[in-house]
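First up is the structure itself, then whatever we jot down about it.
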Number of protein chains: 2
Amino acid sequence: MASPVSEAAGIADLETVRELAAQLRVDSIRSSTSAGSGHPTSSMSAADLLAVLVARHLRYDWDNPKDPANDHLIFSKGHASPLLYSVYKAVGVVTDEELMTGYRRFGQRLQGHPTPVLPWVDVATGSLGQGLPYGVGVAIAGKYLDKSPYRVWVLCGDSEMAEGSMWEALDKAHVYGLSNLIAIVDVNRLGQRGATELGWDLDTYARRAAAFGAHTIEIDGHDVDAIDAALTEADGFDGPVVILAKTIKGDGFSEIADHEGWHGKPLPADMAERAIAELGGERNLRVRGPVPGPSLPRPAAPVNGTVTLPTWEVGTKVATRKAYGEALAALAARGDVVVLDAEVSNSTHAEDFKKVAPERFFEMYIAEQQLVAAAVGLGVRGYVPFASTFAAFLSRAYDFVRMSAISHANIRLSGSHAGVEIGPDGPSQMALEDLASLRAVHGSTVLYPSDGPSTAKLVAAMADLPGISYLRTTRGAYPVLYGPDEQFAPGGSKVLRRSDSDVVTLIGAGVTLHESLAAADLLAADGISARVIDLYSVKPIDTATLAEAARATAGRLVVTEDHWPQGGVGGAVAEALSDGTVPLKLRHLAVTDLPGSGTPEELLDFAGISAKHIAAAARSLLA
Amino acid sequence: MASPVSEAAGIADLETVRELAAQLRVDSIRSSTSAGSGHPTSSMSAADLLAVLVARHLRYDWDNPKDPANDHLIFSKGHASPLLYSVYKAVGVVTDEELMTGYRRFGQRLQGHPTPVLPWVDVATGSLGQGLPYGVGVAIAGKYLDKSPYRVWVLCGDSEMAEGSMWEALDKAHVYGLSNLIAIVDVNRLGQRGATELGWDLDTYARRAAAFGAHTIEIDGHDVDAIDAALTEADGFDGPVVILAKTIKGDGFSEIADHEGWHGKPLPADMAERAIAELGGERNLRVRGPVPGPSLPRPAAPVNGTVTLPTWEVGTKVATRKAYGEALAALAARGDVVVLDAEVSNSTHAEDFKKVAPERFFEMYIAEQQLVAAAVGLGVRGYVPFASTFAAFLSRAYDFVRMSAISHANIRLSGSHAGVEIGPDGPSQMALEDLASLRAVHGSTVLYPSDGPSTAKLVAAMADLPGISYLRTTRGAYPVLYGPDEQFAPGGSKVLRRSDSDVVTLIGAGVTLHESLAAADLLAADGISARVIDLYSVKPIDTATLAEAARATAGRLVVTEDHWPQGGVGGAVAEALSDGTVPLKLRHLAVTDLPGSGTPEELLDFAGISAKHIAAAARSLLA
């Protein structure tokens, strides 16, 4: 039963903060016990930290979460969601009833781990080691683009300091001098299944963070005065600050405090009752902290916003990765486009953007997880990020891409050097799984153009696409197929060869479209008329055009791709046409054996995806 | 033209080492120029380091690369392959002719980046930040299992120190006290597109490595005496050693030394000629270093090797993740099985193995990249690793899994907590893309059992499987379907319901098999006879059984999965049956909307993959 609300006037004093901390513990217990699941003990360790932060330091207008001057609060330890939601109750934006009936329930917004279905949450967390990297992206936006004094506060767990991504984040926070980023590490000594690697060895954490360039502060995370002093001190260094707080898991309830075996477990009702009694009972304090200053207008876009895409003569040769770079450079005219790269911008050609808009280009060095995370963070602030590296190396950030979808992030990824077509560098550099893995991301768009104009048009379209979009580009230069007025949109395709006498359809994208066109020529020499489809949009897929071709050519389709056989272009076509509404006799040519080095021509032939293999497959369908 | 071989007797003196270093530079230039691609400058910076190491410190019997007493040499900076291959020439295992005609050529073994097609290469590298993590796995094997004095030497680039995985590796090297691991960082200051983050700031690298627990040594990487002293000093600490070597990219050729713009570029013929002249011309030294002591027999397997798998009564409820743990514990009777987990062993139930064989259980804490890398490293030494975590978090290690396939590694992965079935924790913890992403790994096996006995049998089968195998397990407990004598093998399936009057086929795996069985009951109540297939092997897939069912039920298939719609079970079935040899009218039920929290039942229903939705899809096929 909720007690009457008591509201603190002005900035709460430390005695009120102590009461607030007790309330946050009690509410963390109540909400998780009511839900029958959740992480009360991981919430209780950080309750004092959050009470001080929210009541006295976080500058946030809770009635206006979209105020661009607000500080940002990211729970990198997303499993402490009971604490975050108890904070929301304490500031008055979530009712006690919602906390007690909505937490972890179906159809409700107080999910097991925070997601942006809540207006105060910037990014989804719950995969550990991600909140701080996202925070780096937000802080880069604050310092370099918004030029606004908001701070980014990230509550981190100690267990997640074992994730390399946390050190990628601290490294970039140092490189970019992010004085607006404060990480608070809740060192409660206990992970899921027992003690953490470093236990309460705050000195080692501090030595590591300091070596990575942070200013470090070590405190007792249950000493409200010490916390207040640390959060005050945290403002005004010329780089990131890491506060290492020694805490006790389950602090406040003596039966479980610092006990193993209580990770992720709600208290049974009788224990919850004893815990709440030990904590002094339920409270209904309402406490709000400082509000931000007036929002500053975002710095004006540096140019007038007229985007003029590059054009090429039909038949001239251009690599789609080069077209990507040139299109990005054209998009620089939109003041909201930002570009990130992972130390390969001369290969992805993202450097073309850097040349025209260096102030909106961010080098993430060889740290692909941080590359994607920074893109998400910049997206939180309304920018339109494009992040690129070799397609093979985007696999390094797959968990971040997965989580980006849960964050409802709008980010654009480009992977260059796809498939065996790259030639001599060998299989470590060949993306052969990217189409499958990135198709299997919620709400994603997967594009794979074959020439310069289609690439440029699709890059421009990506800037306005919601969700995660991915563009696969090719290393080598191939002939331009389309004139400057040809239109391309996600979900579309192009029929490049078509006649009433078509008896087979050849489907390709990227390099295999060029091979399919060559195969059509080989077949034509034998009097066999083949339809050829440029399936530049792998997801969403143009089912109507595919179905029409299947009907016109008695289901005879040859799908060819520079990718493993599973889940790529062939899989997408099979999935689209398997419902029995059209005839289907699909021959699928893809890379089956592990390739080595060689020339692109040798490797396309070795993989059985070159023109002669496509023509042979078509003939076998007609036999 | 090759000059006559001059062979050094005994351990080479430092003057000979200097000559060797010059030869390595010359051969790195010659091989890459002959190939027209490759990384001579990144090879030249590390030539002195390798000359000293190979001539005087690496204990390696080049005629017997399988000698278990050999040291290990891993090129984490795999792009310096010209240097590695030049070393192979210098020790006499690769001819000058192979070096000059085989490098980066089609069908040859001297690929652009090293892979284990070469008998002296343990693991494929070329995705930066991976060699050191693999080395940690090999060193763990040496210290804890082989109990052999071999050392693991890893040549690292400076750019790749920006990868978080390198710090996960150093962290674990410290946790496990890996005194047998020596990382040599070639700090040549220049990355692909310009200066690295830290340039020649060796002190910062050293401070970071020391904070992570390594003994550090800073040297001039071109001072052969200093290198020799450092490699001597590196032996005998009680933890890992990191040698930071200040070097010059392109060292030895004044026209390009320390110049930007020469990353990954072979020298044109005229420059190569001048470079070779400046380096004193071609040489044909043959130098071998120390050999290892006699190989020690591997410590005997601790038990007699009789594996007795767990059994359950049909109808009792058991979670497949629990069956995984119990099967692992049974496999402990094989002395070669080792288990790794990422701080969730009480959830994946890998802890069951730890209880019976703690000496072969390795806790990787929350560091999934290192989890997979350590498995690969243990596999290098002939162990049979199983690595487990939440299925969603294996996505963190996707690039490592991709590379493992190129390494020809035999590793077993298990992911628990798949799909919306997990319930209240929400989408961050739900693997919904794992089947697609792991199917798209070269040579992988993807298994998704539905009950205890099938899980146990498949776990046992995985122990003898080559390549990358993946087992998806489920959070909740479901009824045991099979008796103890039922056999399961990768590539198989089970037909659980079958009659001559079947008019539709329901295909499921894991939780959706149980829902499909319930749907068959619903349909049977209406007099509709449905065949039900347990598709526990998603890859390889049992095409014959699927095709027979398609024929028997007029192509009417309902495939249901707890996964996004792309590339999973439905994609696998569509790919398998799209060639037109059988009728196909596939209805695919999968998770399309972003789920939140809820009970498993609520979420299965929300996703449209519960029994009632399956029955409705079957009815619609029959309408």
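If you scan the range B:389-406, which residues turn out to be more than 7 Å from chain A (Cβ to nearest Cβ), assigned to a helix (DSSP H, G or I) and either surrounded by fewer than 24 Cβ atoms within 10 Å (Cβ to Cβ) or among the polar types (S, T, N, Q) (or both)?
Scanning the range B:389-406 gives B:Ser404, B:Ala405.
Return the residues of the range B:337-349 that are of a type outside the set (Val, Ile, Thr) and either farther than 13 Å from A:Arg193 by Cβ or in contact (Cβ under 8 Å) with a residue 60 or more places away in the chain (or both); say none if nothing qualifies.
First pass over the range B:337-349, keeping only residues of a type outside the set (Val, Ile, Thr): B:340-343, B:345-347, B:349.
Result: B:Leu340, B:Ser347, B:His349.
Considering (1) at the interface with chain A (Cβ under 9 Å from one of its Cβ atoms); (2) in a loop (DSSP other than H, G, I, E, B); (3) in contact (Cβ under 8 Å) with a residue 24 or more places away in the chain, say which one B:Asp579 fails and leave the rest.
Here B:Asp579 meets the rest and fails (3).
What do you reckon, is A:Gly571 facing chain B (nearest Cβ under 9 Å) and in a loop (DSSP other than H, G, I, E, B)? First the steps, then the outcome.
On the way: facing chain B (nearest Cβ under 9 Å): yes; in a loop (DSSP other than H, G, I, E, B): no.
It is false that A:Gly571 is facing chain B (nearest Cβ under 9 Å) and in a loop (DSSP other than H, G, I, E, B).
For B:Gly608, which of the numbered conditions (1) at the interface with chain A (Cβ under 9 Å from one of its Cβ atoms); (2) outside any helix (DSSP H, G or I) fails to hold?
Condition (1) is where B:Gly608 drops out.
Which residues, taken from the range A:335-348, are within 22 Å of the chain's Cα centre (by Cα) and within 11 Å of chain B (Cβ to nearest Cβ)?
A:Asp341, A:Ala342, A:Glu343, A:Val344, A:Ser345, A:Thr348
With the checklist (1) in contact with a Leu (Cβ under 7 Å, 6 or more places away or on another chain); (2) on the phi > 0 side of the Ramachandran plot in hand, flag the one item B:Gly598 doesn't pass.
Tallying (1) in contact with a Leu (Cβ under 7 Å, 6 or more places away or on another chain); (2) on the phi > 0 side of the Ramachandran plot, B:Gly598 fails exactly one: (1).
If you go through the range B:161-186 one residue at a time, how many are in a loop (DSSP other than H, G, I, E, B) and either buried (at least 24 other Cβ atoms within 10 Å of the Cβ) or within 17 Å of the chain's Cα centre (by Cα) (or both)?
Let us first name the residues in the range B:161-186 that are in a loop (DSSP other than H, G, I, E, B), namely B:163, B:176-180.
Going one step further and asking which of them are either buried (at least 24 other Cβ atoms within 10 Å of the Cβ) or within 17 Å of the chain's Cα centre (by Cα) (or both), we end up with B:163, B:178, B:180.
Count: 3.
Filter the range A:220-238 down to the residues that are under 32 Å from the mean Cα position of the chain (by Cα) and either within 22 Å of A:Gly289 (Cβ to Cβ) or modelled with pLDDT of 95 or more (or both) and list them by number.
Taking the range A:220-238 first, the residues under 32 Å from the mean Cα position of the chain (by Cα) are A:221, A:227, A:230-238.
A:Gly221, A:Ile227, A:Ala230, A:Leu231, A:Thr232, A:Glu233, A:Ala234, A:Asp235, A:Gly236, A:Phe237, listed by residue number.
Within the range B:537-565, count every residue that is among the charged types (D, E, K, R), within 14 Å of B:Val503 (Cα to Cα) and in contact (Cβ under 8 Å) with a residue 12 or more places away in the chain. Working first, answer last.
Of all residues in the range B:537-565, those among the charged types (D, E, K, R) come to B:539, B:542, B:548, B:551, B:556, B:561-562.
With within 14 Å of B:Val503 (Cα to Cα) added as a condition, the list becomes B:548, B:551, B:556.
Then drop every residue that is not in contact (Cβ under 8 Å) with a residue 12 or more places away in the chain, which leaves B:551, B:556.
The number of residues fulfilling the criteria is 2.
Which one is surrounded by the fewest Cβ atoms within 10 Å (Cβ to Cβ), of the residues in the range B:199-215 that are more than 17 Å from B:Ser159 (Cβ to Cβ) and away from chain A (no Cβ under 11 Å)?
Selected residue: B:His215.
Have a look at B:Val441, B:Val538 and point out the one that is out of contact with any Gly (no Cβ under 6 Å at 6 or more places or on another chain), within 14 Å of another protein chain (Cβ to nearest Cβ), under 30 Å from B:Ala350 (Cβ atoms) and in a loop (DSSP other than H, G, I, E, B). Break it down stepwise before answering.
Details: B:Val538 fails: in a loop (DSSP other than H, G, I, E, B).
The match here is B:Val441.
Could you run through the range B:430-443 and say how many residues are crowded, with 24+ Cβ neighbours inside 10 Å, of a type outside the set (A, V, I, L, M) and either more than 18 Å from A:Gln566 (Cα to Cα) or under 18 Å from the mean Cα position of the chain (by Cα) (or both)?
So the first thing to find is which residues in the range B:430-443 are crowded, with 24+ Cβ neighbours inside 10 Å, and the list is B:430-441.
Retained after the next criterion (residues that are of a type outside the set (A, V, I, L, M)): B:433-434, B:437, B:439.
Now narrow it down to the ones that are either more than 18 Å from A:Gln566 (Cα to Cα) or under 18 Å from the mean Cα position of the chain (by Cα) (or both): B:434, B:437, B:439.
The number of residues fulfilling the criteria is 3.
Looking at the range B:457-478, is at least one residue away from chain A (no Cβ under 14 Å) and over 30 Å from A:Glu433 (Cα atoms)?
If we filter the range B:457-478 for residues that are away from chain A (no Cβ under 14 Å), which is where we start, we get B:457-465, B:469, B:471, B:473-474, B:477-478.
Of the ones still in play, those that are also over 30 Å from A:Glu433 (Cα atoms) are B:477-478.
Scanning the range B:457-478 turns up at least one residue that is away from chain A (no Cβ under 14 Å) and over 30 Å from A:Glu433 (Cα atoms).
Could you say which residue among A:Phe253, A:Phe353 is more than 14 Å from chain B (Cβ to nearest Cβ), aromatic (Phe, Trp, Tyr) and surrounded by 15 or more Cβ atoms within 10 Å (Cβ to Cβ)?
Working: A:Phe353 fails: more than 14 Å from chain B (Cβ to nearest Cβ).
Just one listed residue meets the conditions, A:Phe253.
From B:Ala245, B:Ala275, B:Ala269, which residue is within 30 Å of A:Met161 (Cα to Cα), among the small types (Gly, Ala, Ser), assigned by TED's automatic domain parsing to the domain that holds B:Ser165 and in contact (Cβ under 8 Å) with a residue 12 or more places away in the chain? Please lay out each step first, then the result.
Working: B:Ala275 fails: within 30 Å of A:Met161 (Cα to Cα); B:Ala269 fails: within 30 Å of A:Met161 (Cα to Cα).
One residue alone meets the criteria, B:Ala245.
Restricting attention to the range A:417-435, which residues are at the interface with chain B (Cβ under 7 Å from one of its Cβ atoms) and touching a strand residue (DSSP E or B) at 6+ places or on another chain (Cβ under 7 Å)?
If the condition is that a residue be at the interface with chain B (Cβ under 7 Å from one of its Cβ atoms) and touching a strand residue (DSSP E or B) at 6+ places or on another chain (Cβ under 7 Å), then A:Gln429 is the only one that fits.
Please indicate, with yes or no, whether at least one residue in the range B:464-474 is outside the structural domain of B:Ala544 (by TED's automatic domain parsing), buried (at least 20 other Cβ atoms within 10 Å of the Cβ), hydrophobic (A, V, I, L, M, F, W, C) and under 27 Å from B:Glu601 (Cβ atoms).
yes
Kindly provide the set of residues from the range B:168-182 that are in contact with a helix residue (DSSP H, G or I) (Cβ under 6 Å, 6 or more places away or on another chain) and away from chain A (no Cβ under 13 Å), ordered by number.
If the condition is that a residue be in contact with a helix residue (DSSP H, G or I) (Cβ under 6 Å, 6 or more places away or on another chain) and away from chain A (no Cβ under 13 Å), then B:Leu178, B:Asn180, B:Leu181 are the ones that fit.
If you scan the range B:101-156, which residues turn out to be part of a loop (DSSP other than H, G, I, E, B), closer than 27 Å to A:Gly598 by Cα and either modelled with pLDDT under 95 or of a type in the set (S, T, N, Q) (or both)? Break it down stepwise before answering.
In the first step, residues of the range B:101-156 are kept if they are part of a loop (DSSP other than H, G, I, E, B); the result is B:103-130, B:147-151.
Keeping just the survivors that are closer than 27 Å to A:Gly598 by Cα gives B:103-130.
Within the range B:101-156, B:Gln108, B:Gln111, B:Thr115, B:Thr125, B:Ser127, B:Gln130 qualify.
For the range A:465-515, which positions are of a type in the set (D, E, K, R), in contact (Cβ under 8 Å) with a residue 40 or more places away in the chain and out of contact with any Gly (no Cβ under 8 Å at 6 or more places or on another chain)?
First, pick out the residues of the range A:465-515 that are of a type in the set (D, E, K, R): A:472, A:475, A:485-486, A:494, A:497-498, A:500, A:502, A:515.
From what's left, in contact (Cβ under 8 Å) with a residue 40 or more places away in the chain: A:472, A:475, A:494, A:502, A:515.
A:Lys494, A:Asp502, listed by residue number.
Give me a count of the residues in the range B:359-378 that are more than 13 Å from every other protein chain (Cβ to nearest Cβ) and either among the acidic types (Asp, Glu) or without any contact (Cβ under 8 Å) to a residue 60 or more places away in the chain (or both).
Looking only at that region, the number is 1.
Among the listed residues A:Ala277, A:Ala272, which satisfies the condition of being away from chain B (no Cβ under 14 Å), assigned to a helix (DSSP H, G or I), modelled with pLDDT of 95 or more and exposed (fewer than 13 other Cβ atoms within 10 Å of the Cβ)? Spell out the reasoning first.
On the way: A:Ala272 fails: exposed (fewer than 13 other Cβ atoms within 10 Å of the Cβ).
Matching residue, one of A:Ala277, A:Ala272: A:Ala277.
I'm trying to understand the selection: among the residues of the range A:349-368, which are in a helix (DSSP H, G or I) and touching a Lys or Arg at 6+ places or on another chain (Cβ under 6 Å)? Write out each step before concluding.
Here is the first cut: in the range A:349-368, the ones in a helix (DSSP H, G or I) are A:351-356, A:358-360, A:368.
The one that is in a helix (DSSP H, G or I) and touching a Lys or Arg at 6+ places or on another chain (Cβ under 6 Å): A:Glu368.
Can you spot a residue in the range A:447-463 that is at positive phi and at pLDDT 95 or above? Reasoning before the result, please.
Start the filter on the range A:447-463 by keeping residues that are at positive phi, which leaves none.
So far as the range A:447-463 goes, no, none of its residues is at positive phi and at pLDDT 95 or above.
So which of B:Gln487, B:Gln566 ends up being surrounded by 17 or more Cβ atoms within 10 Å (Cβ to Cβ) and within 33 Å of the chain's Cα centre (by Cα)? Walk me through it before giving the result.
On the way: B:Gln487 fails: surrounded by 17 or more Cβ atoms within 10 Å (Cβ to Cβ).
It is B:Gln566.
Given the conditions (1) assigned to a loop (DSSP other than H, G, I, E, B); (2) crowded, with 21+ Cβ neighbours inside 10 Å, which single one is not true for B:Leu517?
For B:Leu517, the failing item is (1).
Would you call B:Ala554 within 10 Å of chain A (Cβ to nearest Cβ) and within 24 Å of B:Ala418 (Cβ to Cβ)?
Values: within 10 Å of chain A (Cβ to nearest Cβ): yes; within 24 Å of B:Ala418 (Cβ to Cβ): no.
Against the criterion (within 10 Å of chain A (Cβ to nearest Cβ) and within 24 Å of B:Ala418 (Cβ to Cβ)), B:Ala554 does not qualify.
The values are calculated or read from the model by the stated rules, or taken from the named source; none is laboratory data. As the structure is a prediction and not an experimental result, all values here were calculated from the model. Reconstructed Cβ throughout: ideal geometry from the backbone, glycine too, with neighbour counts over all protein chains shown.
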